[in-house]
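Novice: Have a look at this one.
Nothing in this text is a laboratory measurement; each read-out follows from the coordinates by a stated rule. Worth saying up front: this structure is predicted, and the values here are computed from it rather than measured. A quick note on method: Cβ atoms are made from the backbone with ideal geometry, for glycine too, and the neighbour counts reach across all protein chains shown.
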Amino acid sequence: DSESICLLKLKIVTELIRSRKLSGNPALQLLDELQTYMEHRSNTVAASAAQAIGLIALEDAQGELASQCVQLLTRYVAYSRNDALVAEAVFVLRQLLQRAPEKHAAALKRLANLLCTKKISSSRARASICWIIGELQDYVPKASLDAVRV
């Protein structure tokens, strides 16, 4: 699809999420679709998909779906070469991790590790990860010390 069609579809999906008409299996199917959009050649589409994944996670803040969203976004931060997507995914992760840091300590550790190994090239993403680690250092004390050294 073209960028404008993808953005229109993402807008519709976002409204469905906000209206709370999605849960359970439809939300899981939607997550698969959003993952496809995160791989779109347009930075705007990819970033919008990351934001929509964040909305799904926020609607299911303490549920299993939120954990799947955090894992998916963390995976994209680790492996994507699209700096705009990585920066947006980290921004969305920051919002999610602030709400339930104890639940997502593994994602915090992985972000710290990615920062320490210098696998993230986006300066915006690196700055956000530093902020996340500084804010939530009590949940990952060893990882936060390593990240500060970098």
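Novice: If you take the beta carbon distance between residue 98 and residue 138 as r and set R0 to 22 Å, what does 1/(1 + (r/R0)^6) give as a FRET efficiency, to the nearest 0.05?
Specialist: Efficiency, from the Cβ-Cβ distance: 0.95.
Novice: Dipole of region 1-144, Cα-centred, from +1 at each Lys and Arg C-beta and -1 at each Asp and Glu C-beta, to the nearest 20 debye?
Specialist: Value, rounded to 20: 420 debye.
Novice: Can you compute 3J(HN,Hα) from phi for each residue in region 119-135, using the Karplus curve 6.51 cos²θ - 1.76 cosθ + 1.60 with θ = phi - 60°, rounded to whole Hz and x for Gly and Pro?
Specialist: Coupling constants for region 119-135: 8, 10, 8, 6, 5, 5, 5, 4, 5, 5, 5, 4, 5, 4, 5, x, 5 Hz.
Novice: Using only alpha carbon pairs under 8 Å that are at least six residues apart, calculate the relative contact order of the chain and give it in whole percent.
Specialist: Once normalised by length, the contact order is 18 percent.
Novice: Hey, if you put +1 on the Cβ of every Lys and Arg and -1 on every Asp and Glu Cβ in the chain, which of 92, 40, 141 ends up farthest toward the positive end of that dipole?
Specialist: 141
Novice: In the P(r) worked out for the chain, what percent of Cα pairs fall beyond 27 Å?
Specialist: 20
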